[in-house]
Amino acid sequence: MKEYRCRALYVDLTTGKSHTEEIADEHVRRFLGGYGLNARLGFDLIEPKADPLSEKNPIIIGACPMTGTALPGSAKTSLLTKFPLTGAFSTGINGSRFGLLLKSSGYSNLIITGKADSPVYLKIHDENVEIRDATSIWRKDINETTDDLWKRHGSSNSVLAIGEAGENQVAISLALVDKIHTWGKGGLGAVMGSKNLKAVMVDGSKGVEVFDPKGFLRILKEIFEKIIKDPNHEKLIYWGKMGYFQARGHELGWGYQNSRSNCPHEIVDLYGANVYEKEYKKFRASCPSCPAGCKDILEIKDDSGAREVHFSSLSGRLNNWASRGNLGSYRNVLECHDFANRNGICVQSFTGLFDLSVELYQKGIITKADTDGIELKRDFETAMMLLKQTAKKEGFGAILADGYLPLIKRLGTQCEEVAIHEKGTDIQADPRLYRLNTAEFYTVVNPRGSPPTKGITESYVMKEVPFVLFRNWAKRTGMRQADIDRIFYSDDRYHISRLAKHAEDWAVLRESLGAPCMEPRINYSYDFERLRELLFCATGIEMVPEDLKAVGERGVNMEKVLNVMEGFGRKDDRFPERWFEPILFDGEEKHTLTYFGDPFTKEIAYKLLDDYYDERGWDITLGIPTLSTLKRMNLSDVAEDLESTGIFP
Amino acid sequence: MKDKNKILVDATKCAQCLLCQLMCSFTYTKTFNISKSRITIDVARRAIGFSEDCNNCGTCAHYCGYGALTMEDRRRGETHEGV
């Protein structure tokens, strides 16, 4: 194998031209791929404060050194853009054939800029890059679009497509790859729609080489064998994420009625594993390269025949529909979910806004004058009506389509007090139910607002975790002993937000290398030393531990720079007011506690933020990197460009 | 359903993870390249097939974690000599 190189394909939809560039070695060595490299490439392209729905907002897709191999979890590919829901640059991950085939075409990155004059789709096959007319598939739903393109070009192509919601530039839209793998919560659909870009299709024939095939295969086999030989493997494959769905709903609870209480147990059971198995379970689906797949294809049967409904995360979406929508039956959930998928509406965002809107209506903060005469209630008919309006950006759906921030701006404090959001995104982890630990804290500093995943250390939500396992996690992920000793300040406590910083760095390192999957069986397959060895076997790049450790932190700082230039800082890393109010759990009030059982107060909240910024070496008052931190992170090229802006201390 | 000599195929169990294709191509070309694989996965029709070049080595079955491909007469753990 020749020396490891990364090649970017640039497609300008305005001019209709494309070209390729080899990415500078200094960028590859500092960022490796995926998350961090996307942010560095974005730094050279973006115009600060540009409208996310303008031609000035690029879409930057980045695969990683491991992408395209058979390494479990390696299919995840990162996408950076400015998302209209939040106004922030952030990264969405997708596990599908798209990244695999992009690498197989010879590209590590795909960068789409500009705007086409009329609907188009992009077709990539090795050196052949075409921008083709999409008039005949504009207004087709995502499934129809994908089937149409497969019929024309073959199903060896991976198809990233948007639906009507994206075409209408709905901020809570997203895209799907190959009809099942979601991408771009926060408005990727709208960004593509604003460019008249209906779909991107990729196939490749070059394949992916590795530097040391024998070494790579040895590690791959170790990981694979451990997953397969798990005595519960067949059971886990059979049940996927439904294995723990009911337990989580009963023991921990889900926020119900705009997170005023936990979801009643009888509603949890309405969507239980037995119903799933007997009535709707059809096929298991997975990301490429993963032997522990957790995605689902369900089937609805009625007089018109059988229809498949696809779930990237069944338990998560059932939770959303059940606890926020109260739709009444599993079948109703599938109908709503299918509509959302086909039209490219983000289920998390829609259900969060729907849930909020009903409370606003009940309180009289919005009335029928705002809802075009619709009485807002949590039921199937209302949800389906609003889904249809949202896709078309009509009626009250037009308000839902724009997301939390315009709604709060319009209605003011009375809405802000009721809404549970972070930077305009609905929140998935409620610390009143789960306690506030690293993942819940991470939600507050996440540029995307949600999900909390990058803050996960040991999987602490469903079970009591022996404290030693958190220390083991710290060692396993390459934290320096001096940092471990400082952050784990007693035998049974650590500084939550300082540890969250290291969790985030570890997650971004993995998103830059190509092993970011957080599903436990894949997550636990990787430790720091194994990643270092895999990097060498895949690319021939040898890195001392300190240098590899820095890659994750550098990526975090690089993406943060983009958002600081947009005006984001400490003022935007806010704890939702509702976290300081109780939730009713089976009739009793539950207040937020820290993971260690301390009552969560505003004083503690502010201290957590101070600690996080300090751990990062950022300015504590502003909540942003300093120029000296950027230089310490080997980002002097970036720091020099920024000095004249006067923004960075 | 027997689709290739002794490789038993049950497409209803296929999760379309493509590990069979990736490992087949890696075995014979030392590159991960699903277009060069001797086993084909049609994601649209959910169909599994084999090219004429397939020599029944069983690598695909070894790396199938879903039971879609199994070897009729070989226990899990044994693979083609080249892997």
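The values are calculated or read from the model by the stated rules, or taken from the named source; none is laboratory data. Quick caveat: nothing in here was measured; it's all calculated off a predicted structure. Cβ placement follows ideal geometry from the backbone for every residue including glycine, while neighbour counts extend to all protein chains displayed. We work out accessible area using only protein heavy atoms, side chains counted, and drop any ligands, DNA or RNA first. Shrake-Rupley method; radii C 1.70, N 1.55, O 1.52, S 1.80 Å.
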Exercise. Here is a list of conditions, (1) surrounded by fewer than 24 Cβ atoms within 10 Å (Cβ to Cβ); (2) touching a Ser or Thr at 6+ places or on another chain (Cβ under 8 Å), and A:Ala199 meets all of them except one; can you say which number that is?
Worked result: (1)
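Determine if segment A:302-312 includes at least one residue that is more than 14 Å from chain B (Cβ to nearest Cβ) and not in a strand (DSSP E or B).
Checking segment A:302-312: at least one residue is more than 14 Å from chain B (Cβ to nearest Cβ) and not in a strand (DSSP E or B).
I'd like to know if segment A:236-245 contains one or more residues that are of a type in the set (A, V, I, L, M), touching a helix residue (DSSP H, G or I) at 6+ places or on another chain (Cβ under 6 Å), assigned to a helix (DSSP H, G or I) and away from every other protein chain (no Cβ under 14 Å). Can you show your working first?
Going through segment A:236-245, the residues of a type in the set (A, V, I, L, M) turn out to be A:236-237, A:242.
So of that shortlist, the ones also touching a helix residue (DSSP H, G or I) at 6+ places or on another chain (Cβ under 6 Å) come out as A:242.
From what is left, the residues that are assigned to a helix (DSSP H, G or I) are A:242.
From the residues that got through so far, the ones that are away from every other protein chain (no Cβ under 14 Å) too are A:242.
Checked segment A:236-245: at least one residue is of a type in the set (A, V, I, L, M), touching a helix residue (DSSP H, G or I) at 6+ places or on another chain (Cβ under 6 Å), assigned to a helix (DSSP H, G or I) and away from every other protein chain (no Cβ under 14 Å).
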Exercise. Restricting the search to segment A:129-155, which residues are farther than 19 Å from A:Gly344 by Cα and more than 14 Å from chain B (Cβ to nearest Cβ)?
Worked result: A:Val129, A:Glu130, A:Ile131, A:Arg132, A:Asp133
Exercise. Is there any pair linking a residue in segment A:138-161 that is more than 14 Å from A:Lys198 (Cβ to Cβ) and open to solvent by less than 40 Å² (accessible area, probe 1.4 Å) to one that is part of a loop (DSSP other than H, G, I, E, B) and small (Gly, Ala, Ser), with Cβ under 9 Å and at least six apart or on different chains, and which?
Worked result: A:Trp150/A:Ser156; A:Trp150/B:Ala44; A:Gly154/B:Ala44; A:Ser155/B:Ala44; A:Ser158/A:Ser96
For this session: Give the residues of segment A:246-281 that are free of Cβ contacts under 8 Å to residues at least 60 places away in the same chain and in a strand (DSSP E or B), sorted by residue number.
Result: A:Lys281
Problem set entry | Count of segment A:511-537 residues which are of a type outside the set (S, T, N, Q), in contact with a Leu (Cβ under 8 Å, 6 or more places away or on another chain), assigned to a helix (DSSP H, G or I) and open to solvent by less than 50 Å² (accessible area, probe 1.4 Å) | 5
Seminar exercise, completed: The condition from (1) of a type outside the set (Gly, Ala, Ser); (2) in contact with a His (Cβ under 8 Å, 6 or more places away or on another chain); (3) free of Cβ contacts under 8 Å to residues at least 60 places away in the same chain; (4) within 7 Å of chain A (Cβ to nearest Cβ) that B:Met23 misses is numbered (3)
Exercise. Does segment B:1-19 hold any residues that are more than 17 Å from A:Ser205 (Cα to Cα) and outside any strand (DSSP E or B), and which are they?
Worked result: B:Met1, B:Asn5, B:Lys6, B:Asp10, B:Ala11, B:Thr12, B:Lys13, B:Cys14, B:Ala15, B:Gln16, B:Cys17
Problem set entry | From A:Thr621, A:Thr601, A:Thr626, residue being in contact with a strand residue (DSSP E or B) (Cβ under 6 Å, 6 or more places away or on another chain) and among the β-branched types (Val, Ile, Thr) | A:Thr626
Seminar exercise, completed: Inside segment A:205-216, the number of residues satisfying the requirement of being facing chain B (nearest Cβ under 7 Å), within 20 Å of A:Cys290 (Cα to Cα) and not charged (D, E, K, R) is 3
Seminar exercise, completed: Looking across segment A:282-327 at residues that are touching a residue at least 24 places away in the same chain (Cβ under 8 Å) and of a type in the set (D, E, K, R), the single one that is farthest from A:Met518 (Cα to Cα) is A:Arg307
For this session: Please note which helices (runs of 4 or more DSSP H) are completely contained in segment A:572-649 and include at least 1 residues that are in contact with a His (Cβ under 8 Å, 6 or more places away or on another chain) and more than 25 Å from A:Glu417 (Cα to Cα).
Result: A:602-616
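Using the structure shown, decide if B:Phe32 is more than 9 Å from chain A (Cβ to nearest Cβ) and open to solvent by less than 50 Å² (accessible area, probe 1.4 Å).
Numbers: more than 9 Å from chain A (Cβ to nearest Cβ): no; open to solvent by less than 50 Å² (accessible area, probe 1.4 Å): yes.
In short, no.
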For this session: Could you please tell me which pairs satisfy a Cβ distance under 7 Å, a separation of 6+ or placement on different chains, a first residue in segment A:204-230 that is at positive phi, and a second residue that is assigned to a helix (DSSP H, G or I) and buried (at least 22 other Cβ atoms within 10 Å of the Cβ)?
Result: A:Gly207/A:Ser104; A:Gly207/B:Ser25
For this session: Of all residues in segment A:413-458, count the ones that are in a loop (DSSP other than H, G, I, E, B) and either over 20 Å from A:Arg317 (Cα atoms) or not hydroxyl-bearing (Ser, Thr, Tyr) (or both).
Result: 21
Problem set entry | Failed item in (1) outside any helix (DSSP H, G or I); (2) within 20 Å of A:Phe98 (Cβ to Cβ), with B:Ser25 passing the rest | (1)
Seminar exercise, completed: Per the list (1) open to solvent by less than 50 Å² (accessible area, probe 1.4 Å); (2) more than 27 Å from the chain's Cα centre (by Cα), residue check on A:Asn128 breaks on (1)
For this session: Search segment A:361-387 for residues that are on the phi < 0 side of the Ramachandran plot and pair each with any residue that is among the β-branched types (Val, Ile, Thr) when their beta-carbon atoms are under 6 Å apart and the residues are at least 6 apart or on different chains.
Result: A:Leu376/A:Val358; A:Arg378/A:Val358
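I need the full set of residues from segment B:35-48 which are in a loop (DSSP other than H, G, I, E, B) and at the interface with chain A (Cβ under 7 Å from one of its Cβ atoms), in order please. Lay out the reasoning, then the answer.
In the first step, residues of segment B:35-48 are kept if they are in a loop (DSSP other than H, G, I, E, B); the result is B:37-38, B:43-46.
Passing the criteria: B:Val43, B:Ala44.
Pick from segment A:202-231 the residues that are of a type in the set (D, E, K, R) and not in a loop (DSSP other than H, G, I, E, B): which of them is surrounded by the fewest Cβ atoms within 10 Å (Cβ to Cβ)? Don't jump to the end; show me each part of the working.
Step one: list which residues in segment A:202-231 are of a type in the set (D, E, K, R), which gives A:203, A:206, A:209, A:212, A:214, A:218, A:221-222, A:225-226, A:229-230.
Then drop every residue that is not not in a loop (DSSP other than H, G, I, E, B), which leaves A:203, A:214, A:218, A:221-222, A:225-226.
Values: A:Asp203: 23, A:Lys214: 9, A:Arg218: 12, A:Lys221: 16, A:Glu222: 12, A:Glu225: 14, A:Lys226: 14.
Within segment A:202-231, the match that is surrounded by the fewest Cβ atoms within 10 Å (Cβ to Cβ) is A:Lys214.
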Exercise. For segment A:284-301, how many residues are open to solvent by 20 Å² or more (accessible area, probe 1.4 Å), part of a strand (DSSP E or B) and within 14 Å of chain B (Cβ to nearest Cβ)?
Worked result: 1
